[in-house]
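Chemist: Right, I'll just put the structure down here and ask away after.
All of the numbers you see were taken from the coordinates with simple rules; none came from a lab. Everything numeric here is computed off the predicted structure, so don't read it as measured data. Neighbour counts run over all protein chains shown; Cβ positions are idealised from the backbone, glycine included.
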Amino acid sequence: MNQRQSNLMVVLDAGSSWIRVLAADLNEGALRYRGHAIVESAGMRKSLIAELAPAAKAIKSACDRVEQMVRVNVDECVVGVGGANVASVNTTAAVHFGARMREIASEDVSLAIERARSVPMPAGREILHLLTRQFVLDQQSGIHDPVGMVGNRLEVDLHISTCSASAMQSLVTCVNRAGIEVEDTVFEALAAAETTLTADERELGVCLLDIGAHSSEMVVFFEGAVAHTASIPFGGQHFTNDLAVMLELPIALAEEIKMQYGNTIVTSIPQLAEIEIPAPRPMKIRHRRIAEILEPRAWEMMEAVRDSLRDGGVLEALGMGCVMTGGGAMLPGLLEVSESILHARARLGQPVPLSRMPLELAHPANAVLIGMMLYLNRKRSMRAAENGSLRSRLRSLFAASA
C-alpha cells in the first residue's frame, strides 16, 4: 500500500434507511474530505442486520462509489453501532499500594481499569467502549490522568457501553462480505458528539440525542466525561408510519407529507389551514390533522428519553440541556417538546464540516458519519503518540544499558 493509501481513512454508517460512507485523509495535520456515498439501505430492520446478502450488497455499492472518487481501494473502515441493543453500566474499582505512597504508573491505571471492567455481564453482551469518568487518588476526585501523581490508593469510575454480541457479529460479517475489514467500531451517539458538542456543554452537562430511522441513541456528558449511554426504540420512521396508518397512505407518500407539512405542536398550526394530499387518493385535510398525529408520538419518544436519563441518574445533570441531531431531529416542534418534558433547553446539533467537504453534507443527518471520522482521527493520533512514547522509552533503556 502506498503512502496515499495508508493515509486514507474511511467510516461507514449503516442505518436502517441509508448506507453512508465517508473518506478523508490528513493534509498538513488537518482532515481533508476525499469522497462520500449515500445509498439506500437493504437487508436492515430496526437498525440491525436482517438479511446478510442484500445488506452486504448495499454496503459494497456505497464503498465502490467512494473508491471511484478517491481512486484508491477501500479495504478497511470504522463502523458505527446503534440500535436498541445498546446498553451501559457504571462501575468502580480500586488499587491499594500499601501504607507507603508511591508514584502512579500507567500499569497501575491499567490494573484499576481491568478490575473495574471485571463486572459480571449478561450472557450475549459484548463491550463496545470502556470510558473512564474520573480517577480518585487518596480521596481526591476529578482526576483525568493520574500518571505521575503520588498516592497509595487509586480508584477509577468506569463507564462500560455494551451491545448484543450477535448483532455486532452480524454487522462485522456483513461488512466483511462486502470485502471490507472492520478497523474499529464506535457507538453512534458518541461519534455524533465528536462533531456537535462544545467543551462547555461536556463540562456543564448535556445529553446528545441522535435520532435515526428506527431508534435513537443518546450519550450524556458531565464534568467532561461520559456519564450515561443508551438507546431507545423510537425514530423518525415511527412518525412516518403513524401518518401512513392514520391517513391510509403509502409509506413513501407519508414520508413526503411529514417532511413538507410535519409538526409536533398542534397549536403552532393555524386552525383553518388545509393541505392537499396527491394521488393515489387525492384529498384535502386540515393541516392540524398532521400535527395531531405526530404530537403524541413526539411526547412518547421524549418521555422515553426522560425515563432513560432518570434511570441513569443523570436527569438533573443537564446544565446545558439537550442537543438533537440525526435526520429525525429536523422535525419541527421536536425541540420544544424536548424542552417541555426534560425541563432543559434544546438545540439542533449541526456537524462541523471537514476541509473541502461539500456544504450540503454538513447536515444533522450526517452527524454520526462526520463524527466517526473525527473519532477515528483522534484514536489514530493517540495511538501514534503512545507508540512514539514507547519507542522513546525503549531508546532510553537501550542507551542506559549500553
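Chemist: For the pair A385/L26, report the inter-label distance in nm, with labels modelled 7 Å from Cα in the Cβ direction.
Modeler: 1.2
Chemist: Oh, and also: Under 10 Å, Cα contacts only: if you run a Gaussian network model on the chain, which one of I370, I38, I277 comes out with the highest mean-square fluctuation?
Modeler: Result for the chain, Cα springs under 10 Å: I277 fluctuates most.
Chemist: Follow-up question, since we're still on this one. Each residue of segment 267-273 in order: what ³J(HN,Hα) in whole Hz does its phi give by Karplus 6.51 cos²θ - 1.76 cosθ + 1.60, θ = phi - 60°, with x for Gly and Pro?
Modeler: Calculated HN-Hα couplings, in order: 6, 7, 9, x, 4, 9, 5 Hz.
Chemist: For segment 125-155 and segment 221-296, what is the centre-to-centre distance using only Cα atoms, to the nearest Å?
Modeler: Result: 45 Å between the Cα centres.
Chemist: Which residue fluctuates the most in the chain, going by a Gaussian network model with Cα springs under 10 Å, if the choices are A192, A30, A42?
Modeler: Highest fluctuation of the listed residues: A30.
Chemist: Another question about this same structure. Only Lys, Arg, Asp and Glu count, each charged at its Cβ (+1, +1, -1, -1), so figure out the dipole size of segment 87-163 about its Cα centre, rounded to 20 debye.
Modeler: Result for segment 87-163 is approximately 160 debye, rounded to the nearest 20.
Chemist: Next up: What residue among P233, P364, P280 shows peak mean-square fluctuation when the chain is described by a Gaussian network model with Cα springs under 10 Å?
Modeler: Of the options given, P280 has the highest mean-square fluctuation.
Chemist: Give, to the nearest whole percent, the P(r) tail of segment 230-348 beyond 23 angstrom, counting all Cα pairs.
Modeler: Counting pairs separated by more than 23 Å, the tail of P(r) holds 33 percent.
Chemist: Another question, then. Rounded, prolate or oblate, given the Cα gyration tensor of segment 148-249, with a/c below 1.5 counting as rounded?
Modeler: Oblate, since a/c reaches 1.5 and b/c is not below a/b.
Chemist: Quick one: which residues, 5+ away or cross-chain, put their amide H under 5 Å from the amide H of A346? H built at 1.01 Å from N.
Modeler: It is C322, by chain and number.
Chemist: Which one, A304, G29, Y261, projects farthest toward the positive side of the charge dipole computed for the chain from Cβ point charges (K/R +1, D/E -1)?
Modeler: Result: G29.
Chemist: Using +1 on the beta carbon of Lys and Arg, -1 on that of Asp and Glu, and nothing else charged, what's the dipole of the chain about the Cα centre, debye to 20?
Modeler: Its charge dipole is roughly 760 debye.
Chemist: Additional query: Counting only helical runs of four or more DSSP H residues, what would the 222 nm mean residue ellipticity of the chain come to if each run contributes -39,500 (n - 2.57) and the total is spread over all its residues?
Modeler: Theoretical 222 nm ellipticity from helices: -12500 deg cm²/dmol.
Chemist: Continuing with the same structure: Find the Cα radius of gyration of the chain, compare it with 2.2 N^0.38 Å by division, and give the number to two decimals.
Modeler: 1.09
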